[in-house]
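The values are calculated or read from the model by the stated rules, or taken from the named source; none is laboratory data. A quick note: this is a predicted structure, and the numbers were derived from the prediction, not measured. Note that we place each Cβ from the backbone using ideal geometry, even for glycine, and neighbour counts take in every protein chain shown.
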Amino acid sequence: MERLLPSDPSVIGGYRLAGRLGAGGMGVVYLARSPHGVWCALKSIRSEHAGDPGFRARFRREAELAARLTGRWTVPVLAADAEARSPWLATAYVPGPSLAEAVAGYGPWPTAQLASLGAALAEALDAVHTCGLVHRDVKPANILLAADGPRLIDFGIARAVGVTALTADGSVIGSPGYLSPEQARGRTVGPPSDVFSLGCVLAHTATGRPAFGAGRAAGVLYRTVHEDPDLDGVPGALTGIVDRCLSKDPRQRPTAAELRDHFGSFDGRGWLPEGLPALVAARAARVLELPVPQDTISDGAPNAAADTMAHSAGPAGAPTTRRRLLVAGSAVLGVAAAGTGGWWRWGRPDPSASHGAGVLPRRLVGLLGDRSDAVFTAHERGARLAVSEHNTSAGRRFDIVLRTAHDGGTAKGAAAAVARLAADPDMSVLIGAGTNATVPAAVVAGTRARVALLVTRADTDELDSANRTTALLLRPTRTAGPPAILRHLNRVVKPARTTIVHDLTDAPDTLPTVRFMTVYRKLDGEVLVEEVTAGADFGRAAGRIAARRDGAVVFAGIRPERAAACARALREAGYRGTRVADEHVIGARFLMAAEGWLIGTEYTDASADPRTRRFAAAHRARYGTAPAPWAAEAYDAVRFAAHGLTAAGDYARSALRSELLRHSWQGITRRVSYDPDSLFFEAAEDAGAFLYRVRDHTLRFVSRADDIGRTT
């Protein structure tokens, strides 16, 4: 748990706040004390979401749906206010560890305890489904362990059965490894999807490992859709029912009611494996030791949630009629007590403390990468322009100092560079300008050092789990596919058939892109895949493509020389259709062979892009040359960091990531925002992606992805 920020209110809806349990793009979750002295988890929704009337309607509807739930294994709603300036919802606080933490720390569960767990969770899901809800994110992290039984929490993405989903079909919601095949494909889900997730939970608890393996999200999703689960180690008495839960066909799975009949009644005697009762008791005792929350002081504009109190009728602690959802219900938005075992930090500095007349505090920003790489030079120049601009702006609260570190182009060097930079207590944030080979190690080191790391360039799907670290991606990974290419094909070319030429030379790195376009069907029209063995010639595949007269070709590979060979083979076969690839193939050999090809990138040409020409002029004035690729993106990274540091105040390092997740931010190259559930980079309207064409052996800027279909 983290201490409150100076900008946090003292009270929301009569609930006195004690600390922060977490924060994301949707809002902040506080540990709070009710007017009656009960500890609870209170989620305050950010005002920018509340400005959408549709959001308020959805929030109100789901709060009302929560009021229907009366099951003992879900978390009760204490109060909610959908009409407040910043809507909020308070649920009972469960101080126990999550099932994920318990299995990781104490190992697989014995048969008897597994059966008790299954009985309680089946009863919980039966109550949820009977009330017309689908949870959609049943996983070990969303199951908290209390002395008297488990609690299913976090209904943040729950949906009503028969009601239009708040997220359109075609997007994947949930946690890879625990979502159903229909969820993995982005299709409409119902109660059977929760049953599948419960099967994954039971398998994991029985064996200590995920049923569909670990590793990169794309691989886990693929195995979920196409492969059998790994049930080796599941007790024989449970194998049959778990296997039925994990059927690919939703119609073949048991219902939650059938699972209740199978497991029988929950037996609370000895339901926790050895060692866990003591852990649960210790967590509960920590709450009893907490001090009474004190008033806080806001150092800026009035907090939206605090304003709500000023306008509410009645005495403090007496919710208005619209706040009274005080039914014995369960949470729409439950909260995992992930930080309950952490360090309890209380108190806050005097916001009136002076840093000295005329002297502003400084915030250090670190930039790490390979100094021998031209991309690092581009990053450094863009970053220094942003620093200069900030340090000469009127009304700023601090000055920025940029420090750089050389990572040598290796993973070990990247980890060491992070450690060197983070060792300075004044270091507020790091920017990783490295490659797919170095940035994953930097992410691990940054998390260990508890410093935020902004990732600009790397796109490996190893970063798909970055939402569980201190890193924030400023671009999507390969798992999200090449947005500019897909948008151009679907909106401009509109081919009846697209062939993906999958170069198996680097299959582990290229498979996520292929899956995105095939398993998740992100390409309109018919899609075929031509696999070319590692190192083999592309001639036969090119001949078949030319004979079919396919409307478009996507090269799925990352080596420029292999892409060049594919380009030559297609040209020699007489194919003249649309040919596209992503930025990884760019190189001299490819540009010589790929006249007319379209390339999707995540960096702009600042001199040609109409929205970055002012930056390009400033770059020329300072450095005497046009900005190279990634300079404008690094400029945005520093400005995004400054935006978050301004909001974080004196807690620049510890609170920065939470602040950056809070609000969307518009830069010169992209709009930066994060999905409130997954915390992944959210490329609304494909912002931050760009399209180029190879002309005269040179890459020529065509358009931003969000303009494709309107200007191209």
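Conditions (1) surrounded by 15 or more Cβ atoms within 10 Å (Cβ to Cβ); (2) farther than 14 Å from residue 117 by Cβ; (3) touching a residue at least 24 places away in the same chain (Cβ under 8 Å), marked per residue:
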| residue | (1), (2), (3) |
| --- | --- |
| 239 | yes, yes, no |
| 250 | yes, yes, yes |
| 253 | yes, yes, yes |
| 259 | yes, no, yes |
| 263 | yes, no, yes |
| 266 | yes, no, yes |
| 280 | yes, no, yes |
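Of note, residue 564 does not satisfy the criterion of being out of contact with any Lys or Arg (no Cβ under 7 Å at 6 or more places or on another chain) and in contact (Cβ under 8 Å) with a residue 24 or more places away in the chain.
Listed by first and then second residue, the pairs with beta-carbon distance under 8 Å, at least 6 apart or on different chains, first residue in segment 623-643 and over 13 Å from residue 402 (Cβ atoms), second of a type in the set (Phe, Trp, Tyr) and at pLDDT below 95, are 640/665; 643/665. Sort out which residues of segment 98-140 are farther than 15 Å from residue 274 by Cβ and part of a loop (DSSP other than H, G, I, E, B), and write them in order of number. Within segment 98-140, 131, 132, 135, 136, 137, 138, 139 qualify.
Has segment 420-438 got any residue that is more than 19 Å from residue 630 (Cβ to Cβ), in contact (Cβ under 8 Å) with a residue 40 or more places away in the chain and out of contact with any helix residue (DSSP H, G or I) (no Cβ under 9 Å at 6 or more places or on another chain)? Yes: one or more hits. Using the structure shown, decide if residue 479 is polar (S, T, N, Q), buried (at least 23 other Cβ atoms within 10 Å of the Cβ) and not in a strand (DSSP E or B). Spelling it out, residue 479 is indeed polar (S, T, N, Q), buried (at least 23 other Cβ atoms within 10 Å of the Cβ) and not in a strand (DSSP E or B).
Restricting attention to segment 646-657, does a residue exist that is modelled with pLDDT under 95, in a loop (DSSP other than H, G, I, E, B), within 21 Å of the chain's Cα centre (by Cα) and not hydroxyl-bearing (Ser, Thr, Tyr)? Within segment 646-657, none of the residues are modelled with pLDDT under 95, in a loop (DSSP other than H, G, I, E, B), within 21 Å of the chain's Cα centre (by Cα) and not hydroxyl-bearing (Ser, Thr, Tyr).
If you go through segment 560-582 one residue at a time, do you hit one that is β-branched (Val, Ile, Thr), in a helix (DSSP H, G or I), at pLDDT 95 or above and over 25 Å from residue 460 (Cα atoms)? Within segment 560-582, not a single residue is β-branched (Val, Ile, Thr), in a helix (DSSP H, G or I), at pLDDT 95 or above and over 25 Å from residue 460 (Cα atoms). Considered as a group, the residues in segment 574-595 that are within 15 Å of residue 499 (Cα to Cα) and among the aliphatic types (A, V, I, L, M) include one that is nearest to the chain's Cα centre (by Cα), and that residue is 581. Against the test of being of a type in the set (Lys, Arg) and surrounded by fewer than 22 Cβ atoms within 10 Å (Cβ to Cβ), the options 487, 549 yield a single qualifying residue, 549. Scanning segment 464-476 for residues that are within 11 Å of the chain's Cα centre (by Cα), outside any helix (DSSP H, G or I) and not aliphatic (A, V, I, L, M) returns 469, 476. Selection of segment 523-533 for residues being surrounded by fewer than 21 Cβ atoms within 10 Å (Cβ to Cβ) and either under 18 Å from residue 222 (Cα atoms) or charged (D, E, K, R) (or both) yields 524, 526, 527, 528, 529, 530, 531.
Kindly list the number of the only condition in (1) in a helix (DSSP H, G or I); (2) over 21 Å from the mean Cα position of the chain (by Cα); (3) over 22 Å from residue 110 (Cα atoms) that fails for residue 259. Result: residue 259 fails condition (3) only. Of all residues in segment 648-666, those that are in contact with a His (Cβ under 9 Å, 6 or more places away or on another chain) and either crowded, with 19+ Cβ neighbours inside 10 Å or free of Cβ contacts under 8 Å to residues at least 12 places away in the same chain (or both) total 2. Is it the case that some residue within segment 528-544 is more than 29 Å from residue 435 (Cα to Cα), of a type in the set (A, V, I, L, M) and outside any helix (DSSP H, G or I)? So far as segment 528-544 goes, yes, one or more of its residues are more than 29 Å from residue 435 (Cα to Cα), of a type in the set (A, V, I, L, M) and outside any helix (DSSP H, G or I).
Selection of segment 417-446 for residues being surrounded by fewer than 19 Cβ atoms within 10 Å (Cβ to Cβ) and in a helix (DSSP H, G or I) yields 419, 420, 444. Within segment 180-200, residues that are modelled with pLDDT under 90 and in a helix (DSSP H, G or I) reach partners that are buried (at least 18 other Cβ atoms within 10 Å of the Cβ) and not β-branched (Val, Ile, Thr) with beta carbons closer than 7 Å, at six or more positions or on different chains, in the pairs 182/193; 183/174; 183/193; 184/221. The listed residues are 20, 60, 16, and the only one of them that is modelled with pLDDT of 75 or more and in a helix (DSSP H, G or I) turns out to be 60.
Across segment 70-103, the qualifying residues are those that are closer than 27 Å to residue 262 by Cβ and out of contact with any strand residue (DSSP E or B) (no Cβ under 9 Å at 6 or more places or on another chain), and the one among them that is surrounded by the fewest Cβ atoms within 10 Å (Cβ to Cβ) is 70. Among the residues of this structure, residue 616 counts as one that is without any contact (Cβ under 8 Å) to a residue 40 or more places away in the chain and either buried (at least 17 other Cβ atoms within 10 Å of the Cβ) or in a helix (DSSP H, G or I) (or both). Among residues of segment 377-402 being touching a strand residue (DSSP E or B) at 6+ places or on another chain (Cβ under 7 Å) and in a helix (DSSP H, G or I), the one that is surrounded by the most Cβ atoms within 10 Å (Cβ to Cβ) is 379.
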